[in-house]
Amino acid sequence: MDHCISVFDMLKIGVGPSSSHTLGPWRAALAFIAQLQAENKLTQTNRIYIELYGSLSLTGKGHATDYAVMLGLSGQDPEYIPVQDIDRIVKQIQTSEQLSLNHEFLISFSPNTDIIFHKNFLPFHANGIRFTALFADGHKHEATFYSVGGGFILQEDHANAANKLELSCAFPYLVQSANELLVYTQTEQKTIAQIVYANEIAMRPETEVNSELMRIWETMLECMYIGCHSEGILPGGLNVRRRAFDMHQNLIGLANYSNPQEWLECIRKTEVKFRQILKWVSCFALAVNEVNAALGRVVTAPTNGSAGVIPAVLMYYLVIENHEAGEKEIKQFLLVAGEIGSLFKKGATISAAMGGCQAEIGVSSAMAAAALCEVMGGTPDQVLMAAEIAMEHHLGLTCDPIGGLVQIPCIERNTMGAIKAINAAELALETDAKNAKVPLDKVIDTMWQTAKDMNSKYKETSEGGLAVAVNMADC
């Protein structure tokens, strides 16, 4: 299965603020409901208890994990739920102490007692979640899931610890490492995007691949648009003021547009000076992650906490580097980004609870750097070099969110990841690949070793770093 990670696995549409702590538990709740349906036990359910372990417990409140499981058990789809309905649904559950299980019937449910936060860690992964359904006949059904980063979930096999669902794979090019990917480009005389595209259309209709890639981009564009046009204070108690709104106003001045596409064209026509380029890229990244922090809709890329890097760099390419670029280049960019992300998932991790923020911002920066390098004419060797450079300079980055919220330092880190991605792509384009000293596979191995050596308090627990150096009450 590891060979067959699709671009659409790495770039998923969902709701913020966290892919591992919000989207993953949400999907786990939906999977649990599906199990009850398959066993014809859904309508016999009297009560459901949810137990959160490890990082899911330690930062669950700040990441809205409790909201996610309630919404999942209610049968809401994170990809399509109107985000303005989230607070209403959750408040209704909290006040009525009833939950509409899968939209079908009401059960008694008290979030204060039925969602249990355990600080201890389960053995397989730092993000553990266990569901228990009690039935009218006195029996029960239990299932334990692990949210392993990027919205991916695994269910624990009660006999053998971890059960990975085996799926048939029709990929003509099975890729486990960067070197294998490079060999394919050489033997087939194709770009990385062409190799990835061939894999995708072997699994689903070509029209679907194209339309879904553009839907991902349109969601990214809309997210940036919303973030640049929303002001106020982010929820959660840190009193973080949105900055993208003011930055955007200062950059764009007086302009007329009425939708995200017109906005994109408007920026393309704006004369941009060097210093403003940095501001625009930072503005785009801030916009996405402010939307994410407010439980808005984003594209997990490869996580929600790092969702701003790839759209910011792609937007940079469209509004600064190539005004003539369109669907072809957008799809090319996303295909390469997704493939690079899958290499890190296969060889290391994209979970901050396992690897610190190097697994989120570092991976997203590598994805964006590689994608930018290819659309700017880089060879496959240079594309992989760009990814390597970007990750090399994120190695060891810790995850220490203040208050368990995806705000400080997470939002600003997306701006830094985006800028580093652009720099990495430029360095790779100016380098003869024969002179590269560090292969991408080596930096992926190093990242995973660094993750294993990192103290657990720096892995999305809010028990180290800035999370303890800064008193939330003083914010």
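The table below gives the values:
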{"item": "Degrees, to the nearest 10: 178-188 long Cα axis against longest axis of the chain", "result": "50"}
{"item": "Between helix 206-228 and the chain: long-axis angle, C-alpha atoms, 0 to 90°, nearest 10", "result": "90"}
{"item": "Euclidean distance of C-alpha centroids, region 176-219 and region 77-152, integer Å", "result": "36"}
{"item": "Rounded to 5, percent antiparallel among DSSP beta bridges of region 7-155", "result": "90"}
{"item": "For region 1-151, the spread of Cα positions along each principal axis, largest first, Å", "result": "43, 36, 30"}
{"item": "Estimated FRET transfer efficiency (residue 189, residue 276; beta-carbon r; R0 51 Å; 0.05)", "result": "0.80"}
{"item": "Paramagnetic reach from residue 79 (point 7 Å along Cα→Cβ, amide N under 15 Å) across region 263-302", "result": "298-301"}
{"item": "Label corresponding to Cα Rg over 2.2 N^0.38 Å when calculated from the structure given, among [x] 0.95; [y] 1.20; [z] 1.06", "result": "[x]"}
{"item": "DSSP beta bridges in the chain [antiparallel fraction, %, rounded to 5]", "result": "90"}
{"item": "Residue order, fewest to most beta carbons within 10 Å, for 139, 393", "result": "139, 393"}
{"item": "Nearest-0.05 FRET efficiency for residue 207 and residue 241, computed from C-beta distance (R0 45 Å)", "result": "0.55"}
{"item": "For peptides 437-447, 221-231, 6-16, sequence by mean Cβ density within 10 Å, most packed first", "result": "6-16, 221-231, 437-447"}
{"item": "Dipole magnitude of region 7-155, debye to nearest 20 (Cβ charges: Lys/Arg +1, Asp/Glu -1, about Cα centre)", "result": "280"}
{"item": "Most to least packed among 328-338, 210-220 [average Cβ atoms within 10 Å]", "result": "328-338, 210-220"}
{"item": "Unit charges on C-beta of K, R, D, E only; dipole of the chain, Debye", "result": "800"}
{"item": "Charged-residue dipole, Cβ positions (Lys, Arg, Asp, Glu), region 317-470 about Cα centre, Debye nearest 20", "result": "440"}
{"item": "Estimated [θ] at 222 nm from DSSP helical runs (n ≥ 4, -39500 (n - 2.57)) normalised by residues in the chain, nearest 500", "result": "-15000 deg cm²/dmol"}
{"item": "Potential extension, residue 174-residue 323 segment - 0.36 nm per residue separation minus Cα distance", "result": "50.2 nm"}
{"item": "Residue 142 paired with residue 106, simple spin-label distance in nm, labels 7 Å along Cα-to-beta-carbon", "result": "3.1"}
{"item": "Amide N of region 42-70 lying under 19 Å from the label point, which is placed 7 angstrom from the Cα of residue 113 along Cα→Cβ", "result": "45-52, 70"}
{"item": "Prolate/oblate/rounded call for region 196-315, Cα gyration tensor, a/c under 1.5 rounded", "result": "oblate"}
{"item": "Hits among aspartates and glutamates - C-alpha to C-alpha of residue 91 under 14 Å, sequence gap 8 or more where chains match", "result": "66"}
{"item": "Which of 26, 263 has the fewest Cβ neighbours within 10 Å, and the rest in rising order", "result": "263, 26"}
{"item": "Charge-dipole axis of the chain as Lys and Arg at +1 and Asp and Glu at -1 on Cβ define it, positive-most pick from 127, 300, 236", "result": "236"}
{"item": "Positive-end residue, the chain charge dipole about Cα centroid, Cβ charges, pick of 55, 32, 203", "result": "55"}
{"item": "Cα shape, region 34-94, gyration tensor, a/c 1.5 rule", "result": "oblate"}
{"item": "Distance between region 328-373 and region 271-308 - C-alpha centres, whole angstrom", "result": "16"}
{"item": "Neighbour-count order for 415, 191, 22, fewest beta carbons within 10 angstrom listed first", "result": "191, 415, 22"}
{"item": "Whether region 284-394 is rounded, prolate or oblate, judged on the alpha carbon gyration tensor where a/c under 1.5 counts as rounded", "result": "oblate"}
{"item": "Relative contact order [Cα under 8 Å, 6+ residues apart], the chain, whole percent", "result": "18"}
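Where a number appears in this text, it was derived from the coordinates with a stated rule and is not lab data. The structure displayed is predicted, hence computed values, not measured ones. Neighbour counts are summed over all protein chains in view; Cβ atoms, including those assigned to glycine, are modelled from backbone coordinates with ideal geometry.
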